[in-house]
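*Asks:* Structure provided below as structure tokens; questions to follow.
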Amino acid sequence: MVAKAEAKYLRISPFKVRPVLPLIKKANIDKATAILSALTNKGAYYLKKVLKSAVANAKHKGYDESKLFISKAIANPGPILKRYRAASFGRASPIKKRMAHILIELDTPEKIIQKGKPT
């Protein structure tokens with residue numbers, strides 16, 4: 001792991017973010033940014049923001065942006081806001097407003113090759 005970025009308590013369900021994750025895993029930064037820009041769902045918007053933050057963190061550490069790729073991208077569930085709505089016959093039905101925590105980790109190909117070599 002070269003750099004990482006995490007966004008917590010995002011008001012989107014992790015179920016809506018997870019279908020986008022396989023599209024960008026193991027992709028370099030330019031390709032992942034292009035994919036996320038082309039998608040129109042809200043999950044891609046949040047992923048693009050977290051990816052931009054991870055790239056900025058890697059640049060701050062002195063890594064070259066062109067050599068980076070996404071090694072890990074996950075969307076975990078956060079806390080759930082529980083609300084109630086009026087239903088028929090005087091009952092109340094629950095509404096679950098879900099939140100997500102998104103984590104993106106960047107790595108370089110050289111580092112992966114070094115991990116695989118026996119010493």
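*Asks:* Identify all residues within region 4-14 that are of a type in the set (A, V, I, L, M) and either surrounded by fewer than 16 Cβ atoms within 10 Å (Cβ to Cβ) or in contact with a Ser or Thr (Cβ under 9 Å, 6 or more places away or on another chain) (or both); write none if there are none.
*Replies:* ALA5, ALA7
*Asks:* Next question. Taking ILE74, is it surrounded by 18 or more Cβ atoms within 10 Å (Cβ to Cβ) and touching a residue at least 40 places away in the same chain (Cβ under 8 Å)?
*Replies:* For ILE74, the condition - surrounded by 18 or more Cβ atoms within 10 Å (Cβ to Cβ) and touching a residue at least 40 places away in the same chain (Cβ under 8 Å) - is not met.
*Asks:* From the residues in region 92-119 that are buried (at least 16 other Cβ atoms within 10 Å of the Cβ) and in a loop (DSSP other than H, G, I, E, B), which one is modelled with the lowest pLDDT?
*Replies:* THR108
*Asks:* Tell me which strands (runs of 3 or more DSSP E) are completely within region 1-91 and hold 3 or more residues being under 12 Å from the mean Cα position of the chain (by Cα), or say none if there are none.
*Replies:* By residue number, 3-10, 69-77.
*Asks:* Does region 15-29 hold any residues that are surrounded by 15 or more Cβ atoms within 10 Å (Cβ to Cβ) and under 13 Å from ASN76 (Cβ atoms), and which are they?
*Replies:* Residues satisfying the conditions are VAL17, ARG18, LEU21.
The values are calculated or read from the model by the stated rules, or taken from the named source; none is laboratory data. This is a predicted model, so every value here is computed, not measured. Methodologically, a virtual Cβ is constructed for each residue, glycine included, from the backbone with ideal geometry; neighbour enumeration extends over all protein chains shown.
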